[in-house]
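What follows is a single structure, written as structure tokens, with notes after it.
The values are calculated or read from the model by the stated rules, or taken from the named source; none is laboratory data. The shown structure was predicted, so the numbers you read here are calculated from the model rather than taken from an experiment. Because the Cβ atoms are built from the backbone with ideal geometry, glycine has one as well, and the counts that use them run over all protein chains shown. These area figures cover heavy atoms from the full protein model, side chains too; ligands, DNA and RNA do not enter into them. Shrake-Rupley method; radii C 1.70, N 1.55, O 1.52, S 1.80 Å.
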Amino acid sequence: MLVGYVLSYIGFLGSCLINDSFLTDVTTTDRMDSISSYGYALGYIGGSTIPFLMSIALIMFGEKIGVDGTLAVKLSILIMVIWWAIFSIPMLKNVTQKHGIEMPKTALIATTFKGIFATARRIIANRPMLFFLLAYFFYIDGVNTVINMATSYGTALGLDATGMILALLVTQLVAFPFAILFGRLSQKFGSIRMILVAIYIYLFICAMGFYMGFGLEESFVDHNGAIVLFWALAALVGTVQGGIQAISRSFFGKLVPPENSGEYFGFYDIFGKFAAVVGPLLYSLTFALTGRSSFSILSIILLFLAGLVILHRGRARFPELK
């Protein structure tokens, strides 16, 4: 089971990289924000919400139709497999790669590593891209940490499994329209400005999460009040979660040369995935030192602040800003 999980996760990460790099193949620079936003929005409603609801309904009510808990979980996995297979067909059938580089038939591994180092040198030499990737490393780590640690924090607040599932569902549903909205607003106000707006909202979310947890610990917020606030924050996360992911991808897509988009998006995804380690580590370390979940969520602010500072320092280098 563990081997299967590892292999499936590697495949998933690889598909994300290829999907991101296809952005330069399926649209033009002026439409990247919109296309990227619609991609994330439809992913939230189609890839996360509908099959998720089907699986939860099967697990919760399966016994009424003769499906026990173990079988319901297995069928839920099968539902996801079938869902992904069916909705992969339109892309495999209709999308073609326009940009790329010819790879030699011999010395493939050596050529690949040579290309990686060459791309790394070009990224370092490209100051706008370097500033953006450094900022992205920090703020997307904050985003991923909020996503990954939400259930842990909800448990610490006393939220039951059903309540956390519903709260996560609310986040997915809200993310659908707001991802599209972010795409439209970025065309009017600029991608970097909308990313900055999302970071400020995440700073507010972390601050309110700290208030909620600290209030419970110090007994000036009751349990019911904390639950209501948790749900409100789950909805607020949905307003920026899809938007900041979509606009980050499209802005990076505007910076990369289309013929090398696969190589550049490889670094983009590596920055995002490697960063996912730092946030949970910071969260866990803070909890180990303080024994308080509230201070753990407060520590995530440091990641967003780092990304915010780097973006502000580098904003004069970004061509879309005057």
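Numbers at a glance
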{"read-out": "Relative packing of 86-97, 136-147, 217-228, which averages over residues the other C-beta atoms within 10 Å, highest first", "value": "136-147, 217-228, 86-97"}
{"read-out": "Spacing of the two label points (7 Å from each Cα toward its C-beta) at Asp25 and Ile50, in nm", "value": "2.4"}
{"read-out": "Rounded FRET efficiency, nearest 0.05, which uses the C-beta distance separating Phe220 from Lys98 and R0 of 51 Å", "value": "0.30"}
{"read-out": "Average accessible area per residue (Å²) across the chain - probe 1.4 Å, nucleic acids and ligands excluded", "value": "53"}
{"read-out": "Inter-probe distance in nm under a simple model that places probes 7 Å from Cα toward Cβ, at Phe117 and Leu302", "value": "3.4"}
{"read-out": "Listed residues Gly213, Gly291, Gly238, most fluctuating in the chain (Gaussian network, C-alpha, under 10 Å)", "value": "Gly291"}
{"read-out": "Sorted peptide list for 158-165, 303-310, criterion being average Cβ within 10 angstrom, highest first", "value": "303-310, 158-165"}
{"read-out": "Alpha-carbon Debye profile of the chain, log10 I(q)/I(0) at 0.15 Å⁻¹", "value": "-1.36"}
{"read-out": "Accessible carbon and sulfur surface of the chain relative to its total accessible area, %, 1.4 Å", "value": "71"}
{"read-out": "Cα-based Lys pair tally, the chain, threshold under 22 Å, eight or more apart or on separate chains", "value": "7"}
